[in-house]
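Accompanying notes for the structure given below.
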Amino acid sequence: MGKKPAERRLADTEARAYAGSIRTSPRKLNLVAEQIRGLTAERALAELAFSKRRIAGQVRKVLQSAIANAENNHQLDVDKLVVAEAHVGKSLVMKRFHARARGRSGRVEKPFSNLTVVVRERAEKPEPQGKEKN
């Protein structure tokens, strides 16, 4: 008996990877995610490898995971993969206090983020229909 398996939320040509509780603010993480949206998977990996931002290494791992999921779980061609989506969400926020002057305290917030990367196999471009040679 049991439950029926859940329907797949993504298309057959897509694969995704998710990383939760990444130790950076969503605002900073989104700057790195913007760099790779719409790029080919190979180009996106190169961009992240040479990025100066600290969090780029973790984003690169998530992208590599999405590529591996596409290849191993969904039998997609790695050479045709494009970063279709890279979206960032808020996670928990740790609240800490920092001693300030005259016995007061200042609130320090340490935000965490979630990252989802979706890669899609791009369709082959059709051959241009030209005049037939006789």
Going from the fewest other Cβ atoms within 10 Å to the most, one would list HIS87, HIS98 as HIS98, HIS87
Where in the stretch 62-92 is the amide nitrogen less than 18 Å from a point lying 7 Å along the Cα-to-Cβ axis of ARG8? 65-85
Listed residues SER113, ASN72, ALA49: farthest to the positive end of the dipole of the chain (Cβ charges): SER113
Charge dipole magnitude, Cβ of K and R +1, D and E -1 - the chain, Cα centre, debye nearest 20: 1480 debye
Okay, which of the stretch 6-41 sit inside 17 Å, backbone N to the point 7 Å along the Cα-Cβ direction of ALA68? 15-20
Net charge (Lys, Arg +1; Asp, Glu -1) of residues whose beta-carbon lies under 13 Å from that of VAL83, VAL83 excluded, is +1
For GLN35, what charge total do you get from the other residues with a beta carbon under 15 Å from its beta carbon, if Lys and Arg give +1 and Asp and Glu give -1? +4
Counted charge near ALA56, where neighbours are those whose Cβ lies closer than 13 Å (Asp, Glu -1; Lys, Arg +1): +4
Exposed loop GluC sites (Glu not before Pro) only (DSSP loop, at most 14 other Cβ atoms within 10 Å): please give the longest stretch of the chain free of them, not including the sites. 8-123
What trypsin sites (Lys or Arg not before Pro) does the stretch 7-69 have in DSSP loop regions with at most 12 other beta carbons within 10 Å? ARG8, ARG9, LYS52, ARG54
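All of the numbers you see were taken from the coordinates with simple rules; none came from a lab. In this text the structure is predicted, and so the values were computed from the model without any measurement. Neighbour counts are summed over all protein chains in view; Cβ atoms, including those assigned to glycine, are modelled from backbone coordinates with ideal geometry.
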